[in-house]
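Values quoted throughout were computed directly from the atomic coordinates according to the rules given, and no laboratory measurement underlies them. Just so you know, these numbers come straight off a predicted model, no measurement behind them. Using ideal geometry, Cβ is built from the backbone for each residue, glycine included, and neighbour counts are taken over all protein chains shown.
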Amino acid sequence: MSNPTQPCPVLQGGQRSWAARYGLVIALLILGGALAIRLPTFFTGTNLLIVARQISINGILAVGVTFVLLTGGVDLSLGSVVALAGVVAAGFAHPGDWPLVVPVAMGLLAGTLCGAANGLLVTRGRVAPFIVTLGMMTAARGLALVLSGGRPVSNLSPEFTAIGSASVVGIPVPVLVFSAVAALSAVFLNHFRPGRYIYAVGGNAEAARASGINVHGVKLLSYMVCGAMAGLAGIVLAARTTTGQPNAGVGYELDAIAAVVIGGTSLSGGVGGVKGTVLGALLMGVISSGLDQLNVSAYYQQIIKGLIIVAAVWLDSRGKK
């Protein structure tokens, strides 16, 4: 039996087709070229920073759900957890009440607890991930409405809102947060034993269990990381909009999952990674921004996103065959 701590052979670049390795990059170049022709200002520095800022929240969510999809699970509660974490963080972010670390920690804690609840029900409760996270999607949204009284939580401190609006050496803070999350997650998955265990569990849970891997613990860790990333995205979103919105994040989970699947992570687990997820998030973001600047109706944008999701799942199923 192969060592689960070693990279999966199917993930090695030498055994993947040229199209599989560079298809997303080529798609981005073609799309970017088309937009540059149609929109001469699309590739200006100012516009690219705006696009990067828009991508950052979905990118953070996509990196988090990558962990869950790699184990063969799914998380449909992301959007609701984003709203809950934003409301919780905003509740501690009023001027003069608490130092900045408190609202950030509380938002992360809210997301992590939701992820832990999902993971425990999936592993110990043996409930299907689809059902568990669907229930959490409803429960977290309801809790966000209860805590906020159904109203946006406003009057946030400048230190907190700076998370969503400030820049460091010209780079928006949300972009820096997304970059840090993606880099640390890639290192964890590829160079640390628990990260390799995630691939092993997604590839074959029974074989991983026979190898001595704590399958339940690995899945629980994945859901907790996903929840924490949703909490972080909720904090960034609340800071960016300067309010904790209990109705925020609707549909965010679909965009995040689409970015991950487009990036090459298999819905059946064991194959994929953060690099592809980042490229998938970039592709989704460039498409959305391009359609906005081309004044395409939001209704048609929803249709296009739906077709992209279906196409990504179809390609994933074809790849497994």
Whole-Hz couplings from phi, Karplus 6.51/-1.76/1.60, listed for the stretch 236-245; x for Gly and Pro: 4, 5, 4, 5, 5, 8, 6, 8, x, 9
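For Gly119, what is the net charge nearby, where nearby means another residue's Cβ is under 11 Å from its Cβ and Lys, Arg count +1, Asp, Glu -1?
Values: positive: Arg124, Lys219; negative: Asp75.
After counting each charged neighbour, the total is +1.
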What are the ³J(HN,Hα) values, in whole Hz, obtained from phi via the Karplus relation 6.51 cos²θ - 1.76 cosθ + 1.60 with θ = phi - 60°, for each residue of the stretch 276-286 in sequence order, with x given for Gly and Pro? x, 4, 4, 5, x, 5, 5, 4, 4, x, 5
Order these peptides, 71-84, 110-123, by their mean beta-carbon neighbour count within 10 angstrom, highest first. 71-84, 110-123
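Determine the calculated [θ] at 222 nm for the chain from helices alone, applying -39500 (n - 2.57) to every DSSP H run no shorter than 4 residues and normalising by the residue count; nearest 500 deg cm²/dmol.
Details: 13 runs with 229 residues, N = 321.
Only helices count here, giving -24000 deg cm²/dmol.
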In nm, what is the difference between 0.36 nm times the number of residues separating Tyr299 and Trp314 and their Cα-Cα distance? 3.1 nm
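For the stretch 53-249, take N as its residue count and report Rg(C-alpha) divided by 2.2 N^0.38 Å.
The value comes to 1.03.
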Interchain or sequence-distant (5+) residues whose placed amide H lies within less than 5 Å of the amide H of Ser167 are Val173
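Report the gain in length on full extension from Leu134 to Ala34: 0.36 nm times residue separation, minus Cα-Cα distance, nm rounded to one decimal.
Numbers: separation 100, 0.36 × 100 = 36.00 nm, distance 3.81 nm.
Stretched fully, the Leu134-Ala34 segment lengthens by 32.2 nm.
Could you sort the peptides 212-222, 40-50 by per-residue average Cβ neighbour count (10 Å cutoff), highest mean leading? Let's see the in-between values first.
Values: 212-222: 19.3, 40-50: 12.1.
In descending order of packing, they fall as 212-222, 40-50.
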The answer for the net charge of residues other than Pro246 whose Cβ lies under 12 angstrom from its Cβ, with Lys and Arg +1 and Asp and Glu -1, is +2
Give me the number: length gained by fully extending Thr46 to Ser167, i.e. 0.36 nm times residue separation minus the C-alpha to C-alpha distance, one decimal in nm. 42.3 nm
Viscosity 0.890 mPa s, temperature 25 °C: give me the Stokes-Einstein translational D for the stretch 54-126 in µm²/s, with Rh taken as the Kirkwood radius over C-alpha pairs. 182 µm²/s
